[in-house]
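Heads up, the thing below is written out as structure tokens.
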Amino acid sequence: GGIITQTPKFLIGQEGQKLTLKCQQNFNHDTMYWYRQDSGKGLRLIYYSITENDLQKGDLSEGYDASREKKSSFSLTVTSAQKNEMAVFLCASSLGQYAEQFFGPGTRLTVL
Amino acid sequence: GDSVTQTEGQVALSEEDFLTIHCNYSASGYPALFWYVQYPGEGPQFLFRASRDKEKGSSRGFEATYDKGTTSFHLRKASVQESDSAVYYCALGDINMGYKLTFGTGTSLLVDP
């Protein structure tokens, strides 16, 4: 088995601030994902990375940057935090296309 | 583009009731269909997947059958328990979309003991 760790669990920032969320996985999976979860809107894909050093934009990438530092880690940066993007950010990993995605517990973002 | 529609936002049942959560999809290709479950405070967990017409996926007493004719993948369970209370997400993966999954908006299930 494996685990996905997301840090921090809770993130509080000021409007306009640059904030970074981190994700680590020990499944040895090639593919990693960042999703945003808003109440009543399901999960929306922000960025994903098929392999180390790869980055692909999802449907909600505007206002975010991502970095796949190594196979086991994937970071997401909110470039300028806004109050309307308070949500839970979920990291996931998988072996590949159509494979089961394993999710971390999430980071809850609050913007003051 | 591809989309997934879950018509029920919330479902309230009593223990031992029969559960149906509806999922309909729209895709240009021939997608794989998934169900995920999310318990409070946790990330979603994979339930099962189906990849072709008439294939049935199942896990933990839940099941769904891929129906290309009606573009549906409805989740069913014969007898729910209080521990099944969670949010359920239907999702699709389309080979034309690469590695992306498209998720529905989720259905919150509350089971009274």
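The values are calculated or read from the model by the stated rules, or taken from the named source; none is laboratory data. Note that the structure is a prediction, hence the values are computed from the model and not measured. Note that we place each Cβ from the backbone using ideal geometry, even for glycine, and neighbour counts take in every protein chain shown. Just the protein is used for accessible areas: all its heavy atoms, side chains included, with ligands, DNA and RNA removed. Shrake-Rupley method; radii C 1.70, N 1.55, O 1.52, S 1.80 Å.
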Answer yes or no: is there a residue in the range B:52-66 that is part of a loop (DSSP other than H, G, I, E, B), at pLDDT 95 or above and of a type in the set (Val, Ile, Thr). no
Do you know which residues across the range A:66-106 are part of a loop (DSSP other than H, G, I, E, B) and modelled with pLDDT of 90 or more? A:Lys71, A:Ser72, A:Thr79, A:Ser80, A:Ala81, A:Gln82, A:Gln101, A:Gly104, A:Pro105, A:Gly106
Residue identified as open to solvent by 30 Å² or more (accessible area, probe 1.4 Å) and closer than 30 Å to B:Gln10 by Cβ among A:Lys9, A:Lys18: A:Lys9
When you go through (1) in a loop (DSSP other than H, G, I, E, B); (2) modelled with pLDDT under 95 one by one for A:Leu43, which number turns out not to apply? (1)
Looking at the range A:8-37, which of its residues are over 23 Å from A:Val111 (Cα atoms) and not in a strand (DSSP E or B)? A:Asn26, A:Phe27, A:Asn28, A:His29, A:Asp30
Yes or no: the range B:62-74 includes at least one residue that is among the basic types (Lys, Arg) and in contact with a helix residue (DSSP H, G or I) (Cβ under 8 Å, 6 or more places away or on another chain). no
Among A:Asp65, A:Asp54, A:Asp59, which is among the acidic types (Asp, Glu) and within 11 Å of the chain's Cα centre (by Cα)? A:Asp65
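For (1) open to solvent by less than 10 Å² (accessible area, probe 1.4 Å); (2) more than 9 Å from chain A (Cβ to nearest Cβ); (3) under 21 Å from A:Lys41 (Cβ atoms), each residue gets a yes or a no:
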| site | (1), (2), (3) |
| --- | --- |
| B:Tyr36 | yes, no, yes |
| B:Ala50 | yes, yes, no |
| B:Phe73 | yes, yes, yes |
| B:Lys77 | no, yes, no |
| B:Cys90 | yes, yes, yes |
| B:Asp94 | yes, yes, yes |
